[in-house]
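Novice: One structure is given below, represented as structure tokens, and several questions about it will come after.
The values are calculated or read from the model by the stated rules, or taken from the named source; none is laboratory data. Values in this document were obtained by computation on a predicted structure and should not be read as measured data. Reconstructed Cβ throughout: ideal geometry from the backbone, glycine too, with neighbour counts over all protein chains shown. Accessible surface areas use protein heavy atoms only, side chains included; no ligands, DNA or RNA. Shrake-Rupley method; radii C 1.70, N 1.55, O 1.52, S 1.80 Å.
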Amino acid sequence: MKILESIPREDGFRMPAEYERHSGCYMIWPERADSWQFGGIAAKKEFAQVARAIQTSEQVTMLVSEKEYDTARRMLPDNVRVVEMSTDDAWARDCGPTFVVNDKGEVRGIDWYFNAWGGLEDGLYFPWDKDNKVARKVCDLEQRDVYNARHFVLEGGAIHVDGEGTAMVTEACLLSKGRNPDMTKSEIEDMLKEYLNVDKVIWLKNGIYLDETNEHVDNICAFVRPSEVVLAWTDDEKDPQYAMSKSCYDILSSEIDAKGRKLTIHKLPLPTPIHMTKKDCEGIAWCDDEPTREVGERLAASYVNFYIANTCVVMPGFDDPMDEKAKEILIRLFPNREVIQLPTRNILIGGGNIHCITQQVPE
Ligand code: KQY
């Protein structure tokens, strides 16, 4: 594996959309006591179900600590590859590499600087050095050269692309003080254009209410095909989420993509708000002498946090009356893929969902 100091755009590489073909998917086994309640047992079961669903479609690799290797191996299907790797937590989307491809079908990785969603400003844990090495280690496993982009703080969940020249991000995240405070919005946009090889960046203002990643785009809005997006939505004007989703809707309605097309926006309803219970909180260790979750805290639940695999879409379920409606919408939007809905309340308690714990490798 070579570490490259050049820039993907100059080399003819671009980030493909998630709905383009994959050769595989990376995940990381959960065990961190201040993220996952009661030793992570419920989260492990949900992660295993996600891996089981995706492996019907593409090779899944689960990265796991030495301590958890036997448990993970026992809980996962035989054809999931289990590989020992040191990490700080379990968010493959965010600390894994962003892969780029060229017209000859070559694949390379990008290694952004990972600082646990905001470093010492408002990051979610310290240290994060093991997570920050994951992107390079995954590229090594994949035998792919990797672009050194460690001068720029970014996570995979903070970006979505349509594969045809358009990227989508949120200002709340990309312009947050804990990411790249010395760069202007236009410098950040140029950086995305150069590394993802896109011509247009759509800037939404917000993401999901109380999303601790500073409102990653992957929890609020996603491309389902070029010029079509799904947007997390509520009709309840008293819900703080209403103004946030409405602002996204207004921006998306007035934008055009890199190819000059208007966007079709599909509203994906949110589940009834989900809150932390006393029992949930009792199962979570404190981080740096502070509780990571409070009783009654609203969690950033959203059906948009799905993963598009080659032959299926794996989406969150919350045991909520809206589960069925959200699934029907995705079935309509992905007619050539099976839509698999899985229970994810325990992944949600960790602070994310299915998209956040997966990272695709393009074919
Ligand atoms: O991408 C994500 N949603 C990760 C959130 C991390 C939360 C750490 N507890």
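Novice: Look through VAL146, VAL201 and report the one residue that is modelled with pLDDT of 95 or more, at negative phi and touching a Cys at 6+ places or on another chain (Cβ under 6 Å).
Specialist: Unique residue meeting the criteria: VAL146.
Novice: Among the candidates GLU18, GLU31, single out the residue that is open to solvent by 30 Å² or more (accessible area, probe 1.4 Å), of a type outside the set (A, V, I, L, M, F, W, C) and under 27 Å from ARG150 (Cα atoms).
Specialist: After applying the criteria, what remains is GLU31.
Novice: Only one residue in SER253, SER245 is farther than 16 Å from THR166 by Cβ, open to solvent by less than 60 Å² (accessible area, probe 1.4 Å) and in a helix (DSSP H, G or I). Which one? Can you show your working first?
Specialist: On the way: SER253 fails: farther than 16 Å from THR166 by Cβ.
Of the residues listed, the single one that is farther than 16 Å from THR166 by Cβ, open to solvent by less than 60 Å² (accessible area, probe 1.4 Å) and in a helix (DSSP H, G or I) is SER245.
Novice: I would also like to ask the following. Pairs, please: C-beta under 6 Å, at least 6 apart or cross-chain, first residue open to solvent by 50 Å² or more (accessible area, probe 1.4 Å) and in the range 190-202, second not in a strand (DSSP E or B)?
Specialist: GLU194/ILE7; GLU194/ARG9; ASP199/GLY165; ASP199/ALA258
Novice: Ok, one more. Yes or no: the range 80-97 includes at least one residue that is of a type in the set (D, E, K, R), farther than 24 Å from GLU212 by Cβ and modelled with pLDDT of 95 or more. Outline the logic, then answer.
Specialist: Start the filter on the range 80-97 by keeping residues that are of a type in the set (D, E, K, R), which leaves 81, 84, 88-89, 93-94.
Add one more test, that the residue is farther than 24 Å from GLU212 by Cβ, and what stays is 81, 84.
Filter once more, so that each one left must be modelled with pLDDT of 95 or more: 81, 84.
Yes, there is a match, as at least one residue in the range 80-97 is of a type in the set (D, E, K, R), farther than 24 Å from GLU212 by Cβ and modelled with pLDDT of 95 or more.
Novice: Please go through the range 138-167 and pick out each residue that is crowded, with 24+ Cβ neighbours inside 10 Å and part of a helix (DSSP H, G or I).
Specialist: Those that are crowded, with 24+ Cβ neighbours inside 10 Å and part of a helix (DSSP H, G or I): VAL138, CYS139, GLY156, GLY157, ALA158.
Novice: Going by the conditions given, is ALA172 closer than 22 Å to SER245 by Cβ and within 16 Å of the ligand (Cβ to nearest atom)?
Specialist: So ALA172 passes the test.
Novice: Taking the condition of being farther than 13 Å from VAL304 by Cβ, out of contact with any Ser or Thr (no Cβ under 7 Å at 6 or more places or on another chain) and either surrounded by 16 or more Cβ atoms within 10 Å (Cβ to Cβ) or aromatic (Phe, Trp, Tyr) (or both), how many residues in the range 218-227 meet it?
Specialist: Step one: filter the range 218-227 for residues farther than 13 Å from VAL304 by Cβ, giving 225-227.
Among the residues that remain, those that are also out of contact with any Ser or Thr (no Cβ under 7 Å at 6 or more places or on another chain) are: 225-226.
Now restrict to residues that are either surrounded by 16 or more Cβ atoms within 10 Å (Cβ to Cβ) or aromatic (Phe, Trp, Tyr) (or both): 226.
Summing the residues that are farther than 13 Å from VAL304 by Cβ, out of contact with any Ser or Thr (no Cβ under 7 Å at 6 or more places or on another chain) and either surrounded by 16 or more Cβ atoms within 10 Å (Cβ to Cβ) or aromatic (Phe, Trp, Tyr) (or both) in the range 218-227 gives 1.
Novice: Take the residues in the range 114-128 that are open to solvent by 70 Å² or more (accessible area, probe 1.4 Å) and out of contact with any Gly (no Cβ under 6 Å at 6 or more places or on another chain), then tell me which one is farthest from LEU210 (Cα to Cα).
Specialist: In this case the residue turns out to be PHE126.
Novice: How many residues are away from the ligand (no atom under 16 Å from the Cβ) and part of a strand (DSSP E or B) when one looks only at the range 24-62?
Specialist: Total satisfying the criteria: 5.
Novice: Follow-up. Looking at (1) open to solvent by 70 Å² or more (accessible area, probe 1.4 Å); (2) at pLDDT 95 or above, which is the only condition VAL230 fails?
Specialist: Going through the list (1) open to solvent by 70 Å² or more (accessible area, probe 1.4 Å); (2) at pLDDT 95 or above, VAL230 breaks only (1).
Novice: In this structure, is TYR307 closer than 27 Å to PHE334 by Cα and touching a His at 6+ places or on another chain (Cβ under 8 Å)?
Specialist: yes
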